[in-house]
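Everything below concerns the one structure shown next.
The values are calculated or read from the model by the stated rules, or taken from the named source; none is laboratory data. Only a predicted model underlies this, so the values are computations on that prediction, with no experimental measurement involved. In this analysis, Cβ positions are derived from the backbone assuming ideal geometry, glycine residues included, and neighbour counts consider all displayed protein chains. What goes into the accessible areas is simple: the full protein's heavy atoms, side chains included, and nothing from ligands, DNA or RNA. Shrake-Rupley method; radii C 1.70, N 1.55, O 1.52, S 1.80 Å.
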Amino acid sequence: METVYKIYCASYEHALLLVESYRKDPRLQEEILETLNATVPHTGASDLSFFLVMPVQRVTKYPLLLGKILENTPTSASAYLALQAAVRAMAQVNANINEYKRRREVATKYNKAEHLTLRDRFARLNTHSIAKKTTRLSRLFMHEAGIVAKTEDKEYDDLEEKFQCVVSSVAVLKENVASYLGHLEVFLLPTPHKCELQIDEGPAQQYRRFAEYLHCTVFPEFKQRLDRLICQPLCSLSDMLVGPQQLVKKRLDKLLDYEEIQERKSEMGSVTYDEEAAMNTYLAINALLVAELPRFNQAALQILGQILCSLCALQRDLAAQVLHQAEKELEQMPHGHMPLPGFWKMMDDTLKQSDAQLRTFCQMFETVTPSPVTEPLNPAEERKVLSLVSKHGPDKLYQVTSNISGSKDLDLTLQRGQIVALLQSMDTKGNTSRWLVDAGGPRGFVPAGKLRPYCPVQSQQPGIQMPALESGTERRRHSYAPPEAPRPQVATFTPAFQVVAGFSFAARSPQEVSLQAGQPVVVLEPHDKKGSKEWSLVDVNGQRGYVPSSYLVTVPVQEPMGWSLPV
């Protein structure tokens with residue numbers, strides 16, 4: 001009886017607030033009146049509050065009724081002692097109900113999480129609150145320093161430790177579930193089933209159907225169940241922990257006040273009314289937590305266990321559903337019913353046979369196929385190559401292996417054999433299969449698979465020769481190759497490359513050397529002593545030193561060689 005009435009009476013005020021909210025809805029109020037007239041017409045009640053107050057009044061009348069009966073019972077009667085015990089019991093029940101209601105009112109006052117701005121917090125500050133917080137802080141420091149003894153409550157400390165363990169477990173699980181959902185979203189980003197395959201039937205189409213079933217049916221359904229059975233209950237459980245957390249925090253504050261007042265009471269012998277109220281507040285919060293934390297911890301652990309069991313069940317259902325669909329697709333494959341050892345042996349034999357065929361093919365290809373011959377460039381193309389080299393460097397040159405027809409915006413249309421310079425090895429969306437290139441004027445995107453590094457060959461034209469570009473540090477500077485058969489009647493020009501200063505640079509230390517824009521230099525090392533490529537060691541008119549690598553550019557030069565006609 002005490003347990004039932006205690007909860008009812010403590011919740012009575014909240015019930016009245018609900019009834020008041022019902023009155024604001026005419027349709028709901030009309031339905032309530034119809035129900036009352038149909039079920040209890042003899043009471044003449046026009047509102048639910050008429051019935052809600054009856055249990056509250058009834059429990060307070062039990063001691064009075066029993067006391068009246070006891071007054072009219074002779075002391076010699078056999079029921080007299082039982083009636084005395086009943087009167088005492090009901091008086092204690094009423095006292096316990098009032099105490100429980102007072103504790104709940106204190107808890108309701110402090111267990112609300114307040115989200116205050118900095119301005120609101122400053123507005124609450126006054127001399128009293130500052131003095132109270134300073135006293136608490138100094139008391140807490142004395143606890144930590146061991147100057148004063150801390151009030152020990154083994155029962156409460158064990159309950160709080162278990163409660164904090166529950167809070168930590170819920171927070172970790174909530175974080176892990178959020179991470180799991182994030183990984184699931186990333187997993188669903190690739191959509192292989194949307195790729196068009198020019199294959200009628202076979203394993204590729206079976207995999208396409210399987211992927212489409214997973215992406216469009218299995219995983220969306222799994223995500224919905226995960227949200228309904230795991231995420232929502234977990235968030236509700238996390239919200240349930242906020243109130244007790246506030247009470248635990250407030251209990252510590254009130255404990256510090258309680259110890260301070262107790263110490264003052266032992267010295268002065270009395271306390272003020274406000275101090276007595278503060279002591280009673282601590283005792284009420286402590287008693288409420290000691291009484292209700294065990295049940296709360298048990299309920300929270302039960303909910304947490306159910307959430308974990310639901311998560312395991314969801315994982316099992318997902319695995320079973322995917323496996324069932326995979327087995328259905330596997331049965332339609334040619335070797336679906338073959339025993340596993342036999343299947344692996346067949347795969348091993350097939351791979352060995354394919355490897356042998358590939359080796360034979362490679363040997364025949366190397367024997368029969370002649371070495372590729374690169375056709376020389378015409379003079380106009382050579383001039384374009386020199387221009388691309390001067391802008392981007394020889395290591396950025398690529399040759400088109402087959403005709404390219406641009407089908408999208410910013411795509412280039414190029415002919416087989418054209419020379420381009422690589423600007424960026426991906427497009428604006430990060431796709432590495434489309435490269436941004438410079439075609440000697442127009443710039444755009446081309447398929448990366450139709451480009452190969454350009455290796456220049458000697459030109460067959462008598463007027464101009466193209467030397468093979470070297471690698472490494474010598475790439476910046478090239479020497480002239482004398483013609484195999486000098487032609488005394490024709491002026492021959494061989495293109496080469498030279499490193500010059502693109503900008504002026506003033507040395508700031510003995511290890512550096514000054515440059516003038518356009519001044520030729522000799523690159524000795526394309527890096528500094530630490531291997532950084534931001535600085536290069538150069539020789540400028542016999543002086544050696546470091547200059548910024550970004551200040552150097554490679555330009556083509558032409559110098560006459562061989563015999564020329566006399567002027």
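Can you list residue pairs whose Cβ atoms sit under 9 Å apart, with the first residue in the stretch 400-426 being outside the structural domain of Val437 (by the TED database) and more than 15 Å from Gly441 (Cβ to Cβ) and the second being open to solvent by 50 Å² or more (accessible area, probe 1.4 Å) and at pLDDT below 90? Count only pairs 6 or more apart in sequence or on different chains.
Note: no pairs meet the criteria.
May I ask you to say which residue of Arg434, Arg476 is at pLDDT below 80, on the phi < 0 side of the Ramachandran plot and basic (Lys, Arg)?
Result of the check over Arg434, Arg476: Arg476.
Which residues, taken from the stretch 179-205, are over 18 Å from Cys312 (Cβ atoms) and touching a residue at least 40 places away in the same chain (Cβ under 8 Å)?
Pro203
Give me the residue from the stretch 333-357 that is at pLDDT 85 or above and either open to solvent by 100 Å² or more (accessible area, probe 1.4 Å) or touching a Gly at 6+ places or on another chain (Cβ under 6 Å) (or both) and, out of that set, nearest to Arg209 (Cα to Cα).
For the stretch 333-357, the residue satisfying everything is Trp344.
Which of the residues belonging to the stretch 16-45 are outside any helix (DSSP H, G or I) and in contact with a helix residue (DSSP H, G or I) (Cβ under 7 Å, 6 or more places away or on another chain)? Can you show your working first?
Within the stretch 16-45, the subset outside any helix (DSSP H, G or I) is 23-25, 40, 44-45.
Of everything in the stretch 16-45, those that are outside any helix (DSSP H, G or I) and in contact with a helix residue (DSSP H, G or I) (Cβ under 7 Å, 6 or more places away or on another chain) turn out to be Arg23, Ala45.
Looking at this structure, is Tyr156 modelled with pLDDT under 75, within 30 Å of Glu263 (Cβ to Cβ), open to solvent by less than 60 Å² (accessible area, probe 1.4 Å) and more than 27 Å from the chain's Cα centre (by Cα)?
Numbers: modelled with pLDDT under 75: no; within 30 Å of Glu263 (Cβ to Cβ): yes; open to solvent by less than 60 Å² (accessible area, probe 1.4 Å): yes; more than 27 Å from the chain's Cα centre (by Cα): yes.
So Tyr156 fails the test.
Output the residue which, of all residues in the stretch 224-240 that are among the charged types (D, E, K, R) and surrounded by 12 or more Cβ atoms within 10 Å (Cβ to Cβ), is farthest from Glu175 (Cα to Cα).
Top of the filtered list is Arg225.
For Thr281, which of the numbered conditions (1) among the polar types (S, T, N, Q); (2) outside any helix (DSSP H, G or I); (3) open to solvent by less than 60 Å² (accessible area, probe 1.4 Å) fails to hold?
Tallying (1) among the polar types (S, T, N, Q); (2) outside any helix (DSSP H, G or I); (3) open to solvent by less than 60 Å² (accessible area, probe 1.4 Å), Thr281 fails exactly one: (2).
Just name the residue that is farthest from His392 (Cα to Cα) out of those in the stretch 487-522 that are modelled with pLDDT under 85 and β-branched (Val, Ile, Thr).
If we take residues in the stretch 487-522 being modelled with pLDDT under 85 and β-branched (Val, Ile, Thr), then Val490 is farthest from His392 (Cα to Cα).
Any residue in the stretch 239-260 that's farther than 18 Å from Phe296 by Cα and aromatic (Phe, Trp, Tyr): show its pairings with residues that are open to solvent by 10 Å² or more (accessible area, probe 1.4 Å) and not in a helix (DSSP H, G or I) at Cβ separation under 9 Å, as long as the two are six or more apart or on different chains.
Every condition considered, the pairs that remain are Tyr258/Thr151.
Return a yes/no flag: does the stretch 325-332 have any residue that is under 30 Å from Leu229 (Cα atoms), assigned to a helix (DSSP H, G or I), in contact (Cβ under 8 Å) with a residue 40 or more places away in the chain and open to solvent by 70 Å² or more (accessible area, probe 1.4 Å).
no
Which one of these is open to solvent by 60 Å² or more (accessible area, probe 1.4 Å), farther than 21 Å from Pro244 by Cα and in contact with a helix residue (DSSP H, G or I) (Cβ under 7 Å, 6 or more places away or on another chain): Lys150, Lys162?
Of Lys150, Lys162, the one residue that is open to solvent by 60 Å² or more (accessible area, probe 1.4 Å), farther than 21 Å from Pro244 by Cα and in contact with a helix residue (DSSP H, G or I) (Cβ under 7 Å, 6 or more places away or on another chain) is Lys150.
Restricting attention to the stretch 46-83, report how many residues are assigned to a helix (DSSP H, G or I), open to solvent by less than 60 Å² (accessible area, probe 1.4 Å) and over 19 Å from Tyr5 (Cα atoms).
Count: 4.
Select the strands (runs of 3 or more DSSP E) contained entirely in the stretch 384-440, then report the ones holding at least 2 residues which are of a type in the set (Gly, Ala, Ser).
none
Does Glu221 fit the bill of being open to solvent by 50 Å² or more (accessible area, probe 1.4 Å), out of contact with any Lys or Arg (no Cβ under 7 Å at 6 or more places or on another chain), more than 23 Å from Lys101 (Cα to Cα) and in a helix (DSSP H, G or I)?
Judged against the criteria, Glu221 is a match.
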